[in-house]
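The values are calculated or read from the model by the stated rules, or taken from the named source; none is laboratory data. Small disclaimer: the values here were computed from a predicted structure and weren't measured. All Cβ positions, even for glycine, are placed from backbone atoms using ideal geometry, and neighbour counts span all protein chains on display.
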């Protein structure tokens, strides 16, 4: 596959988006026979089938999914180039590719990255969410510039990367506003047998919360374990139970989710790190983000 025929790729991309050759004909203004022939040439060039039959429609094969992902990016960039040329703005935005560990609170991630959105120089911010191990793998092969995490690189992890502490916050408990008075009185004893939403065991603060419960002789009723912190706040705002969240984001959490803080652990801490491929940070935007985060992310 030395030379890629972009016409063939566009026909394939259109058929994949429309779900059938018949529907693609009206978009491409070509006959079904022409499109089928072009798809066959592309499959011969690649050496594998891109579609399989599903009733009257077509579904992508595993190879088809891979090719579609690349085609989607290619034509997205093409549309952006066309828009740039029409607008006359030919400045090339600097790119910043950020990995966000899925256990880190989304409001925390936004606060860290917010300065990049208001940078004077044009900036293309690309965020990828995932597990720490996967994101560190992407960082190692330069697919990411930095990873935001709520824990440092695990000991013995075989990747050349460095953890930079950027802030910390104690963990507080929140509940739907209508129930706040009930649980804020006699806190933390009021949490005993109370409905509780907790992070999944892989979250760094889960162990700290459980130790704090044991220290305070509290046995809440665990009604749900949630990996996504944003989903946990939605559940809490709808009255499903009490939930833990970083105290540093108290105001934003209360306003956004209709909840109130009922108490603070003071000793259970959530830490925030920027993980980079180099020991000394050099990227100017990253340096700005870290400096801003360190002055605001402590609570």
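All of 262, 209, 253 fail the test of being assigned to a strand (DSSP E or B), outside the structural domain of residue 149 (by TED's automatic domain parsing) and surrounded by 16 or more Cβ atoms within 10 Å (Cβ to Cβ), apart from 262. Among the criteria (1) modelled with pLDDT under 95; (2) out of contact with any helix residue (DSSP H, G or I) (no Cβ under 6 Å at 6 or more places or on another chain), the one residue 241 does not fulfil is (1).
Residue 274 falls short of the stated requirement of being within 21 Å of the chain's Cα centre (by Cα) and part of a helix (DSSP H, G or I). Quick one: would you say residue 182 is in contact with a strand residue (DSSP E or B) (Cβ under 9 Å, 6 or more places away or on another chain) and on the phi > 0 side of the Ramachandran plot? No: the conditions fail for residue 182. The residue that is modelled with the lowest pLDDT, counting only those in the range 83-102 that are assigned to a loop (DSSP other than H, G, I, E, B) and in contact with a strand residue (DSSP E or B) (Cβ under 7 Å, 6 or more places away or on another chain), is 93.
Going residue by residue through the range 27-40, is there one that turns out to be in contact (Cβ under 8 Å) with a residue 12 or more places away in the chain and over 23 Å from residue 79 (Cα atoms)? The answer is yes; a qualifying residue exists. Taking the criterion of being at pLDDT 95 or above and at negative phi, the residues of the range 185-198 that qualify are 187, 188, 189, 190, 191, 192, 194, 195, 196, 197, 198. In the set (1) in a helix (DSSP H, G or I); (2) exposed (fewer than 15 other Cβ atoms within 10 Å of the Cβ), the condition left unmet by residue 49 is number (1). If you go through the range 111-144 and pick out every residue that is under 24 Å from residue 77 (Cβ atoms) and part of a helix (DSSP H, G or I), you end up with 6. Can you pull out every residue in the range 246-271 that is within 21 Å of the chain's Cα centre (by Cα) and under 15 Å from residue 177 (Cα atoms)? Those that are within 21 Å of the chain's Cα centre (by Cα) and under 15 Å from residue 177 (Cα atoms): 252, 253, 256, 257.
May I ask you to verify whether residue 108 is touching a residue at least 60 places away in the same chain (Cβ under 8 Å) and outside any helix (DSSP H, G or I)?
Here the answer is no, as residue 108 does not meet what is asked.
Taking the criterion of being within 20 Å of residue 265 (Cβ to Cβ) and in contact with a strand residue (DSSP E or B) (Cβ under 8 Å, 6 or more places away or on another chain), would at least one residue in the range 134-149 satisfy it? No, the conditions are met nowhere in the range 134-149.
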